[in-house]
Structures are given as C-alpha cells and as structure tokens.
Amino acid sequence: MREADIRHSLIQEIQNFYKNEPALIVEELGLQHGASRIDVAVINGEIHGYEIKSDADTFERLPAQALIYNKVLDKITLVVGPNNYKKIHDYNNMIPKWWGLKVAKSNNRNELILESKKEAKKNTALEPMAIAQLLWKDEVVEILRNFSIANKELRKPKKILYEILIQHMNLKELQTEVRTLLKSRPAWRYQQQPSPYGDS
C-alpha cells in the first residue's frame, strides 16, 4: 500500500467532508521555514495536519516531526498503513495522546479505505512564534501596518518582525489572522499545492 495511494484516498475523504464548508487543502505545508513539512493540512476554522506513514515508512523521524507539529497545528491525525498499525503499540510513547489515528486498509471490494481509530483532540501547547512563522514577510508587514508600526521598524529582519507581531496579538487573534492570510494567498511556494473547497 503506497504512500501516494493513501494520500489520494485521504484527500478525497477530506474533500467530501468539507464539500459544503470553506476549507483549503495544502499538501506538504512547510512549518518553521521548512524545518519540517506536514503531508496534508486542512485550513478552515483551524489547521488540521495529517501525517502519513505508509508501510514503506518507519517511525524513526516521527519524534522530531512531532516536536515541530505540536507547536503549530491545532489538530494532528496520524495515518498509517496496515502493517504499521500492527506495530503502533511499540511506538505509543512517540505519539501524543491527543493526536488522532487512521489506518489505511482494503475493503471487501479491494478498495482503499481509511478507518478512524481515534479522533484528534485540540492542541493545548501551541507556540505563537511557530504559528507566526507560517507567514511570509510581506504578510507580517501587512498586519503590522494596522498597528501603526513605524516604517523604520517594518524594514527590520523577518525574525524581529515576528517578535513584534506576537507582542501585538494574542494567540487567538494571531491564529485567525494567519488562517485568513494562508487561505487568501494567490500563490504558494515550495511546490505546495492548495486546493480550495466550499466558498473560500
């Protein structure tokens, strides 16, 4: 069961789920300036990330990935192949308890389906700086102009602009602004492929 097959089925399932809601599906969403990428992200009233571990994958990189995912994503669901699901109890210490879990399997018509084993819960350990880093520099500048930040400050390096941003917005405000800007981007870098559904 290939990663590409699981990804295809996952995206189809997400598309069906959000067919009547505004949502944006992004493949390979870069986090913390490309330090890691989540396989599929759904952006609507929250950012829900899906990490795929097909049977050709190992769990070796998962702890490092989880450290980054847990700073940024509102919810996370791990999607595994059937053989990896059989081994999942060996890796429970790597997987946060609030993550969701789906297993890819074949039904009696030999079609790939995704069986939900556990629903993802809300992340309570988000880090504002990591969320701010989802934004491009010009997007941060656009937000800061609303706070009447001096032009001299707006020309500072991106790292400093992120710090100014999180000083002027609480977590909820920041999340709302970030989601709005991500959904309104006219183009995506690093070969990320957004797919709009609903009214967005």
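The values are calculated or read from the model by the stated rules, or taken from the named source; none is laboratory data. Just so it is clear, the model here is predicted, and its values are computed rather than measured. Note that each Cβ is placed from the backbone with ideal geometry, even for glycine, and that neighbours are counted across all protein chains shown. Ligands, DNA and RNA are excluded from the accessible area calculation, which covers all protein heavy atoms including side chains. Shrake-Rupley method; radii C 1.70, N 1.55, O 1.52, S 1.80 Å.
Brief remarks follow.
- Residue in the range 2-12 that is in a loop (DSSP other than H, G, I, E, B), polar (S, T, N, Q) and open to solvent by 50 Å² or more (accessible area, probe 1.4 Å) present: no
- Asn84 meets the conditions (1) out of contact with any Gly (no Cβ under 7 Å at 6 or more places or on another chain); (2) open to solvent by 20 Å² or more (accessible area, probe 1.4 Å); (3) at pLDDT below 95 in every case but one. The failed one is (2).
- A search for C-beta distances below 7 Å between a residue of the range 154-168 that is closer than 11 Å to Ala132 by Cα and any residue that is open to solvent by less than 80 Å² (accessible area, probe 1.4 Å) and acidic (Asp, Glu), counting only pairs 6+ apart in sequence or on different chains, returns Ile164/Glu153.
- When Glu27 is tested against the conditions (1) open to solvent by 30 Å² or more (accessible area, probe 1.4 Å); (2) of a type outside the set (Phe, Trp, Tyr); (3) out of contact with any strand residue (DSSP E or B) (no Cβ under 6 Å at 6 or more places or on another chain); (4) not in a loop (DSSP other than H, G, I, E, B), the lone failure is (3).
- Top-ranked residue in the range 48-72 [being in a loop (DSSP other than H, G, I, E, B) and buried (at least 17 other Cβ atoms within 10 Å of the Cβ); ranked as farthest from the chain's Cα centre (by Cα)]: Asp55
- Scanning the range 103-131 for residues that are aliphatic (A, V, I, L, M) and in a strand (DSSP E or B) returns Val103, Ala104, Leu112, Ile113, Leu114.
- Scanning the range 171-184 for residues that are within 22 Å of Ala130 (Cβ to Cβ), loosely packed, with under 13 Cβ neighbours inside 10 Å, more than 15 Å from the chain's Cα centre (by Cα) and at pLDDT below 95 turns up at least one hit.
- Meets criteria (in contact with a His (Cβ under 6 Å, 6 or more places away or on another chain) and open to solvent by 10 Å² or more (accessible area, probe 1.4 Å)) for Lys75: yes
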